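Okay, so here's the structure we're looking at.
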Amino acid sequence: MNTSLFLVAAWMLISGASALAQPKRIDLIKDASTVTYQISHPLHEVEATSKEVAYSLDIDTEKKEIKSVAAQVDVTTFDSGNSNRDSHAMEVIDAITYPDVRFTSTSVTQNGDSVRVAGKLTLHGVTKDIVILAAAKWSSNRLDIHGDFDISLTEFKIERPSLLMIPVSDSLKFIIVAAYRWD
């Protein structure tokens with residue numbers, strides 16, 4: 001084999017192998033993916049879920065590694081089962097001015113099925129660093145992620161709603177359920 005032909009073949013093999021190891025975007029399974037918030041009041045617990053969340057991530061399917069994560073949800077899509085409560089929640093967070101909650105990762109660390117995602121969360125016009133702890137369940141062409149994180153309403157400049165003059169807890173918990181599939 002001539003030397004230049006050998007070099008071209010070797011280059012094609014190397015570049016083809018590195019292309020296989022590149023992170024790739026995978027498809028979200030919309031009907032299996034949600035984001036839920038939970039908040040406490042001395043008289044009751046409130047939970048609202050959105051099925052309209054847009055999660056995206058880049059992964060290396062060969063190494064089963066998550067490289068980056070992003071999410072966005074329209075705050076008006078959260079449903080607690082009580083339209084009056086949901087309307088009041090939209091007033092409290094000023095949904096007209098701040099219609100989205102957005103997250104973008106800055107680092108992802110995996111240890112087995114445990115995933116730690118650090119990044120920037122933007123809510124109510126305020127951006128803060130947060131950490132999401134999650135579990136990742138991998139199969140041959142599917143990834144299921146379950147995680148959660150807490151934020152402080154006051155740190156995001158959100159006035160705590162009250163019921164009978166008693167404010168809700170300052171802690172707002174988000175629960176993440178995401179499912180992905182690829183070929």
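Every read-out reported here was derived from the displayed coordinates using simple, explicitly stated rules and does not represent laboratory data. This structure is a prediction, so every number in the text was calculated from the model and none was measured. Cβ placement follows ideal geometry from the backbone for every residue including glycine, while neighbour counts extend to all protein chains displayed.
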### Message
So if I take the centroid of the Cα atoms in the range 108-183 and the same for the range 46-92, what is the distance between those two points in Å?
### Response
9
### Query
Once phi is turned into ³J(HN,Hα) by the Karplus curve 6.51 cos²θ - 1.76 cosθ + 1.60 with θ = phi - 60°, what whole-Hz value does each residue of the range 115-123 show in order, with x for glycine and proline?
10, 10, 10, 9, x, 10, 10, 10, 9
### Query
Can you pick out the pairs among K64/K157; K63/K173; K67/K120; K67/K157; K137/K173; K30/K173 whose Cα atoms lie more than 27 Å from each other?
K64/K157; K63/K173; K67/K157
### Message
Quick check on the exposure proxy: order D170, D113 from fewest to most C-beta atoms within 10 angstrom.
### Response
D113, D170
### Charge tally in the Cβ shell below 15 Å around Q38, where Lys, Arg are +1 and Asp, Glu are -1, Q38 excluded
-4
### Task
With everything on Cα atoms, drop me the angle between helix 3-20 and the longest principal axis of the chain, reported from 0 to 90° to the nearest 10.
20
### Task
Quick one: angle between helix 83-92 and the longest Cα principal axis of the chain, in degrees between 0 and 90, rounded to 10, please.
80
## Note on the structure
Which of (1) -0.44, -0.97; (2) -0.56, -0.98; (3) -0.50, -1.07 gives log10 I(q)/I(0) by the Debye sum over Cα atoms at q = 0.11, 0.16 Å⁻¹ as computed here? It is (2)
### Task
Taking amide H positions as placed in the peptide plane 1.01 Å from N, state which residues far from I26 in sequence (5 or more) or on other chains have amide H under 5 Å from it.
L57, I59
### Query
Do any GluC sites (Glu not before Pro) in the range 53-108 lie in a DSSP loop with no more than 12 other beta carbon atoms within 10 Å, and if so, which?
E62
### Query
In deg cm²/dmol, rounded to 500, what helix-only [θ] at 222 nm does the chain give when every DSSP H run of at least 4 residues adds -39500 (n - 2.57) and the total is split over its residues?
-5000 deg cm²/dmol
### Task
Mind sorting V177, V117 by how few other Cβ atoms lie within 10 Å of their own Cβ, fewest first?
V177, V117
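Report, in debye and to the nearest 20, how large the dipole of the range 23-181 comes out about its Cα centre when Lys and Arg carry +1 and Asp and Glu carry -1 on their Cβ.
The calculated dipole for the range 23-181 is roughly 520 debye.
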